[in-house]
1. Among the candidates 164, 131, 138, single out the residue that is under 24 Å from residue 216 (Cα atoms) and either touching a residue at least 24 places away in the same chain (Cβ under 8 Å) or loosely packed, with under 13 Cβ neighbours inside 10 Å (or both).
2. Which of the residues spanning segment 415-443 are without any contact (Cβ under 8 Å) to a residue 60 or more places away in the chain and hydrophobic (A, V, I, L, M, F, W, C)?
3. Among what's in segment 390-410 and is under 33 Å from the mean Cα position of the chain (by Cα) and among the hydrophobic types (A, V, I, L, M, F, W, C), pick the residue that is modelled with the lowest pLDDT.
4. Restricting to segment 265-301, name every residue that is in a strand (DSSP E or B), of a type in the set (S, T, N, Q) and either modelled with pLDDT of 90 or more or under 29 Å from the mean Cα position of the chain (by Cα) (or both).
5. Go over the candidates 424, 416 one by one and state the one that is over 37 Å from the mean Cα position of the chain (by Cα) and either outside the structural domain of residue 366 (by TED's automatic domain parsing) or basic (Lys, Arg) (or both).
6. Only residues that are assigned to a helix (DSSP H, G or I), of a type in the set (S, T, N, Q) and in contact with a Leu (Cβ under 7 Å, 6 or more places away or on another chain): list them for segment 395-419, please.
7. Kindly indicate whether any position in segment 370-377 is at pLDDT 65 or above and in a helix (DSSP H, G or I).
8. Do any strands (runs of 3 or more DSSP E) lying entirely in segment 99-218 carry at least 2 residues that are under 24 Å from residue 45 (Cβ atoms), and which ones are they?
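The values are calculated or read from the model by the stated rules, or taken from the named source; none is laboratory data. This structure is a prediction, so every number in the text was calculated from the model and none was measured. A quick note on method: Cβ atoms are made from the backbone with ideal geometry, for glycine too, and the neighbour counts reach across all protein chains shown.
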Amino acid sequence: MEMKELDYKTFEGLFKGLDSQQNNMFAHSQVRENEAKYQLVFQNAPIGLIHFDKNGVITSCNDTFVRIMGSSHEALIGMEIAKLPDKRVVKLLKSALNGKYGHLEGIYTSVSGGKPIYGKLNFQPIINDEGQVMGGVGILEDITERKEYQQRLEYLSKSDPITGLFNRTYFEQYLDSVNTGLFKEKMAIIVCDIDDLKLVNDTMGHSAGDRLLVAAGKLLKDSTPIDSVAARIGGDEFAILIPVHSPDTIEDFEQKLEKNITLHNEKHPDLPVSISYGYAVSDENQNDMKALFRKADLLMYRDKNQHRRLSRNSKIQRFLHYRQPAASCSPARTATLKAHITAFCEFLNISQVVIHYILGLADYHDIGKAGLEKCQISGQFTEEEAMLEMQKHCEIGYRIALSSDEISIFANAILKHHEFWNGKGYPLGIKGQEIPLECRIFSIVCAYDELIINGLSRAEAFKKLQDMAGRELDPEFIRMFILFMEQKDSDT
């Protein structure tokens with residue numbers, strides 16, 4: 001075949017055709033690559049994505065959207081958004097199909113009817129070059145955890161973490177809002193104080209003190225109208241702001257509180273609640289809520305001073321009742337112990353004042369164990385830890401006694417009744433004559449009675465006491481006690 005010579009223009013046309021073909025192929029390749037990239041982003045996006053057509057029908061959705069909605073691709077694709085029961089979403093769709101961007105934030109129910117979510121939903125229209133709406137894109141973000149966290153922070157910012165009531169900051173802000181005149185009716189401020197919270201903390205531990213606070217907070221909340229604001233404003237102080245709807249508002253509160261406290265204490269005699277309070281009511285000439293608060297606070301302290309002694313003495317009786325129910329604390333054992341103490345002291349020609357101290361020690365020496373009983377029986381300590389915990393009862397009893405006018409004179413003896421002659425006792429480690437006389441006498445009589453209760457004969461008990469002389473017990477008083485008991489036997 002004869003080859004024709006190709007001129008320059010022929011080559012030029014040929015190359016232009018090839019170049020155009022390559023450009024088209026490259027453009028198609030770029031489109032496919034961009035489409036693949038888009039699908040990769042679409043399917044793996046951490047937010048829910050959908051496409052919908054101009055009729056509002058879902059044409060595609062990613063895995064995140066399926067998961068958020070609690071459904072499947074098969075169930076969602078082809079779904080008509082306009083037929084959803086949520087009218088907010090339908091309204092958002094109509095806005096998008098009219099060429100407008102729409103945004104909605106709120107609670108949504110999943111397609112499967114599961115747990116509602118808190119989400120942010122955006123609908124963006126897709127508009128072609130002619131300005132026609134071809135459909136749109138929906139973006140759904142599940143912000144449930146974020147919203148719950150924000151709500152938790154908001155709750156913590158205005159709530160007391162122990163009682164769940166409002167805190168001081170919120171209460172003061174509320175008082176300021178009342179001062180601005182937002183409330184037209186009369187208001188009453190009640191300031192309350194939990195009696196002897198420090199005593200409970202010192203003797204039974206802060207966990208018991210927290211339980212007392214929780215109980216008191218609930219009693220106050222349950223005794224006030226629903227439109228009142230109750231807050232814990234300090235360690236043992238509470239405040240309540242009550243709208244005065246009638247002349248009986250305060251009286252109703254007092255009656256409900258008294259009734260609720262009585263019922264609570266009948267159910268929980270081991271940790272009774274006692275509340276002192278004072279109140280003040282605003283009038284047309286008294287709009288300064290902070291001045292009203294100060295007046296109520298002053299009246300609360302007057303009330304507290306009036307029944308402080310009664311509250312303390314009732315708690316002392318409770319401590320006596322709830323100390324460890326061992327034989328060492330039984331009424332019969334105490335009576336026998338006191339009889340031996342009296343007789344031995346008279347043998348020694350001890351003054352009646354000292355005898356009174358020792359007899360008081362017999363009654364109250366273990367009062368500090370009331371706060372330890374649950375720790376001992378709960379099994380939460382090892383044997384060594386339990387012993388160390390038990391040794392705290394001297395200091396706890398000391399603090400209890402100091403809090404009571406009636407038994408404060410026995411506080412020093414309660415603190416030191418487990419000190420040893422050789423200085424190896426507790427809690428102070430004092431020794432010899434540093435130990436009060438009443439403690440040295442009490443320890444000997446108490447030790448003897450304990451040995452007899454444990455089944456030892458009198459001779460065996462005397463031998464044990466002699467072994468303890470110079471270590472735990474005063475050796476001279478040991479000698480005198482054995483002499484006293486032998487003389488007593490010979491007299492009988």
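1. Of 164, 131, 138, the one residue that is under 24 Å from residue 216 (Cα atoms) and either touching a residue at least 24 places away in the same chain (Cβ under 8 Å) or loosely packed, with under 13 Cβ neighbours inside 10 Å (or both) is 164.
2. Once the filter is applied, which keeps residues that are without any contact (Cβ under 8 Å) to a residue 60 or more places away in the chain and hydrophobic (A, V, I, L, M, F, W, C), segment 415-443 yields 415, 420, 421, 428, 430, 435.
3. Across segment 390-410, the extreme among qualifying residues is 390.
4. 276
5. 424 is the lone residue from the list that is over 37 Å from the mean Cα position of the chain (by Cα) and either outside the structural domain of residue 366 (by TED's automatic domain parsing) or basic (Lys, Arg) (or both).
6. Of everything in segment 395-419, just one residue is assigned to a helix (DSSP H, G or I), of a type in the set (S, T, N, Q) and in contact with a Leu (Cβ under 7 Å, 6 or more places away or on another chain), namely 408.
7. Yes, segment 370-377 contains at least one residue that is at pLDDT 65 or above and in a helix (DSSP H, G or I).
8. Filter on segment 99-218 gives 102-108, 117-127, 133-142.
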